[in-house]
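A.B. asks: Supplied in structure tokens, the structure appears directly below.
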Amino acid sequence: MSVFRSSRFARLEPYVPGEQPRERKYIKLNTNESPYPPSPAVLEAVRVAAGALNLYCDPTALKLREAAAAAYGVEPECVLPVNGSDEILNFAVMAFCDGRIPMACPEISYGFYPVLANLHGIRLRQVPLRADLTIDYRDYLSQNCTVFIANPNAPTGSVLTLSEIREIAASNPRNVVVVDEAYVDFGAESAIRLTKEYSNLLVTRTFSKSHSLAGGRLGFGIADPALIDDLTAIKDSTNPYNVNAMTQAAGIAAFKDNGYYADNCRRVAETRDRTAKALKALGFTVTDSKANFLFVRHPNLPGGALYERLREKGILVRHFSKPAIEDFNRITVGADGQMEALIGAVREILTQNGRE
Ligand code: PMP
């Protein structure tokens, strides 16, 4: 029985994150975390920052904004650090959507977009993908909506080109276009430089995947200063100290250690491409993913069954029950050894399946 007192929020449909199991040690390929630890410099920065936890952190996160601005090639006033990129997505819905300005996003995409639309009572246009599960950018031209597109998209990993993003931004001059670049570091081209040309473009980033900081909760919004001011007003009206002192320090140190993280991303991309090849050889259809996950389907094995059989073997992947993609599983790209274990388990499951 719900005890909500607020009629505004009585019908929430909260996001259900991928499992973080406690009862057993799994090979965890279900939430797109990095298999690699934070760099030693990040751990040291967190240790030092922890020594001053009696003080509030800088609510403007100035040093972190400066580090981010230098890394992204923009000015510090073009950056808003946030508590994971989910936070900036929420701010963007609050700042740029209302009863007259609906949201548009791909029908198959990050599950948090519909959750946010529902939370804020915003009408949502969900745009079907092509049959091959890619996005047709022409569906997003001149929309009169706030457009949300993940690039690479999740859970398919497909990418739009920069010129396609440019056309979307140019054709919606009176609406904000949000490009969610959670997975961009694994092989897509960033639209950050387009934010200098298009004052309606907001690019969001996260350190949860490419920078081994999922538990630290750090993300960024990058846009024209006017958009950043609007988003900062929402931030300061909800949680002024949104990025804690340890995470600010971790973020600054991570930007300085860019080589370490770039190497990790390269390793993940190589492992991804090798794993895709191995899965195709076992009969899987694998979407062309430029992210740190693969989206796969086997003709002889329902998606739910593969998920369960892998789980029994101690490997967690992500299965979505949405009818259009229920035959698929999304498999995070882990370290080489983890992916070898996955391929071995899949091979056993397929052999056993053939015998039944
Ligand atoms: N965008 C996309 C497309 C994602 O898959 C995720 C991860 N669940 C996020 C944003 C949010 O990541 P975080 O809040 O950890 O930065």
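The values are calculated or read from the model by the stated rules, or taken from the named source; none is laboratory data. Keep in mind that this is a model prediction, so the values were computed, not measured. Virtual Cβ from ideal backbone geometry, glycine too; neighbours counted across all protein chains shown.
A.B. asks: Within the stretch 80-126, work out how many residues are in a loop (DSSP other than H, G, I, E, B) and either more than 9 Å from the ligand (Cβ to nearest atom) or not assigned by TED's automatic domain parsing to the domain that holds P240 (or both).
C.D. replies: Of all residues in the stretch 80-126, those in a loop (DSSP other than H, G, I, E, B) come to 83-84, 97-102, 107-111, 120-123.
Right, trim to either more than 9 Å from the ligand (Cβ to nearest atom) or not assigned by TED's automatic domain parsing to the domain that holds P240 (or both) and you get 97-102, 107-108, 120-123.
Selection size over the stretch 80-126: 12.
A.B. asks: Return the pairs, sorted by first residue and then second, in which the second residue is modelled with pLDDT under 80, the first residue lies in the stretch 1-24 and is more than 30 Å from L316 (Cα to Cα), the beta carbons are less than 8 Å apart, and the residues are 6+ apart or on different chains.
C.D. replies: So the pair list comes out as A10/S2; A10/F4.
A.B. asks: Moving on. Identify all residues within the stretch 300-322 that are touching a Pro at 6+ places or on another chain (Cβ under 8 Å) and at pLDDT below 95; write none if there are none.
C.D. replies: Going residue by residue through the stretch 300-322, those that are touching a Pro at 6+ places or on another chain (Cβ under 8 Å) are 316, 318, 320.
Matches in the stretch 300-322: F320 only.
Residue-wise test of (1) part of a loop (DSSP other than H, G, I, E, B); (2) within 23 Å of N242 (Cα to Cα); (3) outside the structural domain of F112 (by TED's automatic domain parsing); (4) among the aliphatic types (A, V, I, L, M).
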| site | (1), (2), (3), (4) |
| --- | --- |
| R47 | no, yes, no, no |
| L53 | yes, yes, no, yes |
| T60 | yes, yes, no, no |
| A69 | no, yes, no, yes |
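A.B. asks: Same structure again: Is it the case, given these coordinates, that R297 is free of Cβ contacts under 8 Å to residues at least 40 places away in the same chain, out of contact with any Asp or Glu (no Cβ under 8 Å at 6 or more places or on another chain) and under 28 Å from V184 (Cα atoms)? Give the steps one after another, and end with the answer.
C.D. replies: Numbers: free of Cβ contacts under 8 Å to residues at least 40 places away in the same chain: yes; out of contact with any Asp or Glu (no Cβ under 8 Å at 6 or more places or on another chain): no; under 28 Å from V184 (Cα atoms): yes.
In short, no.
A.B. asks: Separate question: Inspect the stretch 323-334 for any residue being small (G, A, S), modelled with pLDDT of 95 or more and surrounded by fewer than 17 Cβ atoms within 10 Å (Cβ to Cβ) and give the result as yes or no.
C.D. replies: Residues of the stretch 323-334 that are small (G, A, S), as a first pass: 324, 334.
Now restrict to residues that are modelled with pLDDT of 95 or more: 334.
Retained after the next criterion (residues that are surrounded by fewer than 17 Cβ atoms within 10 Å (Cβ to Cβ)): none.
No - not one qualifying residue is present in the stretch 323-334.
A.B. asks: Name the residue that is nearest to the chain's Cα centre (by Cα), counting only residues in the stretch 288-328 that are more than 18 Å from L129 (Cβ to Cβ), outside any helix (DSSP H, G or I) and hydrophobic (A, V, I, L, M, F, W, C).
C.D. replies: V317
A.B. asks: A further question on this structure: Basic (K, R), more than 16 Å from the ligand (Cβ to nearest atom) and in contact (Cβ under 8 Å) with a residue 60 or more places away in the chain, is that true of K235? Even if it seems obvious, please write down each step before you answer.
C.D. replies: Numbers: basic (K, R): yes; more than 16 Å from the ligand (Cβ to nearest atom): no; in contact (Cβ under 8 Å) with a residue 60 or more places away in the chain: yes.
Considered against the rule, which asks whether it is basic (K, R), more than 16 Å from the ligand (Cβ to nearest atom) and in contact (Cβ under 8 Å) with a residue 60 or more places away in the chain, K235 comes out as no.
A.B. asks: (1) charged (D, E, K, R); (2) in contact (Cβ under 8 Å) with a residue 60 or more places away in the chain; (3) farther than 29 Å from G111 by Cα: which one isn't true of K28, the others all being true?
C.D. replies: Condition (3) is where K28 drops out.
A.B. asks: Do we find that A233 is at pLDDT 95 or above, more than 20 Å from T31 (Cβ to Cβ) and in contact with a Ser or Thr (Cβ under 8 Å, 6 or more places away or on another chain) in this structure? Full working, then the answer.
C.D. replies: Working: at pLDDT 95 or above: yes; more than 20 Å from T31 (Cβ to Cβ): yes; in contact with a Ser or Thr (Cβ under 8 Å, 6 or more places away or on another chain): no.
So A233 fails the test.
A.B. asks: A follow-up question, please. Could you run through the stretch 15-40 and say how many residues are at pLDDT below 95 and within 14 Å of the ligand (Cβ to nearest atom)? Reasoning before the result, please.
C.D. replies: Quick first cut of the stretch 15-40, residues at pLDDT below 95 only: 15-26.
Checking which are within 14 Å of the ligand (Cβ to nearest atom) leaves us with 15-20.
Matching residues across the stretch 15-40 total 6.
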